[in-house]
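The values are calculated or read from the model by the stated rules, or taken from the named source; none is laboratory data. No experiment lies behind these values; they were computed from the predicted model shown. Glycine gets a Cβ as well: all are built from the backbone with ideal geometry, and neighbour counts include every protein chain shown. Only protein heavy atoms, including side chains, enter the accessible area calculation; ligands, DNA and RNA are left aside. Shrake-Rupley method; radii C 1.70, N 1.55, O 1.52, S 1.80 Å.
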Amino acid sequence: TGKSKFLIGFSQCTTADAWRKSMDLEMQNELLYYPDFQLIIKDAGNSSKKQVKDINELLAAGIDLLIVSPNESEPLTGIVGDVFKKGIPVILIDRKIESDNYTAFIGGNNYQIGKEAGKYAVQLLNGKGRIVEISGLEGSSPAKERHNGFVEEISKFPGIKIISSLSGEWEVSSAEKVMNDYLELNIPFDLVFAHNDVMALGAYKSYIRKFNTKKAFFIGVDGLPGNSSGIQAVMDRKLDATMLYPTGGSLAISLAANILNNKMVNKENILNTLVIDSINVRAL
Ligand code: FRU
């Protein structure tokens, strides 16, 4: 009849950046293999409040499965748990909630990513230096986990200190602004660790505007290919390194297919990371 057998709702926290767009596209491409699936994507525009509303609308539309990338953990924990308790399978992607009321999680290990970034920073700084951290939205799980992993590594070296942690909210414009304000204080630093590449590049832009040449190190996360992305920025030597953070979009759809076809799935589906720097960037 051409009628879809399964309706999947995807509540995306934002689609403003290239990484999110790439996640959506991966899902749409993977769906071509599942002609009996229909996907509705809702964009919460970085608002946890809107995201709760979006999920209620997806429920009202009669979804068979929910995929959700929670903008912030705490405000989404209730509604996501409600969906799960109704018996509707829930796949968390990239960001987490504060309970285990979900069917499966898919995404990178952000604590490990923070640790890898920390190890790389220690290497660059040769055991001594001042770091400015630019954090993603503090209420979102990857920001907490990247921070914790990073601190875990650098705290092994008494000569290395995070002298400031600025709030970049995952956004290029916020990062550019907070770095701009920070530079006004004229406090020297040696390395910037930003929780994603767009924020690293926003901070880099402010830095270059002030100093003209790059004397500090810059590390980001995501390693997306394409123009003005992390990989390009490493090639251009704007960033010293980025930690690959796969979106998991296509795997989320195959996971959804397994769940809807009553196959066993793992609850935790962790995607690998990789340090991308000037040594291996061309191979990618
Ligand atoms: C995209 C993004 C990525 C980051 C991820 C964390 O919206 O900010 O850059 O790795 O979300 O959830």
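On the full set of protein chains, 1.4 Å probe, figure out the accessible area of K21 and give it in Å² to the nearest 10. Roll a 1.4 Å probe over it and K21 shows about 110 Å².
Accessible area per residue for the range 150-242, computed on protein heavy atoms with a 1.4 Å probe, is 46 Å².
Apolar share of the accessible surface for the chain: 52 percent from carbon plus sulfur atoms, 1.4 Å probe. For the range 65-163, the number of Lys pairs separated by eight or more positions or lying on different chains, with C-alpha atoms closer than 26 Å, is 18. Amide H contacts of S167 (H built 1.01 Å from N, in plane; Pro and chain starts excluded): S135 sit under 5 Å, all sequence-distant by 5 or more or on other chains.
Bridges between two residues of the chain, per DSSP, are antiparallel at a rate of about 5%. With contacts taken as Cα pairs under 8 Å at a separation of at least 6 residues, the range 89-209 carries a relative contact order of 27 percent. Which residue, chosen from I131, L25, T103, occupies the Cα position most advanced towards the positive end of the dipole of the chain, where the dipole is computed from +1 (Lys, Arg) and -1 (Asp, Glu) charges on Cβ about the Cα centre? Going by the Cα projections, it comes out as I131. Average accessible surface for the range 19-102: 45 Å² per residue, computed with a 1.4 Å probe over protein heavy atoms with every protein chain in place. Between N262 and R282, the contour length at 0.36 nm per residue exceeds the Cα-Cα span by 3.0 nm.
Packing order of peptides 201-207, 189-195, highest average first: 189-195, 201-207 (average count of other Cβ atoms within 10 Å over each peptide's residues).
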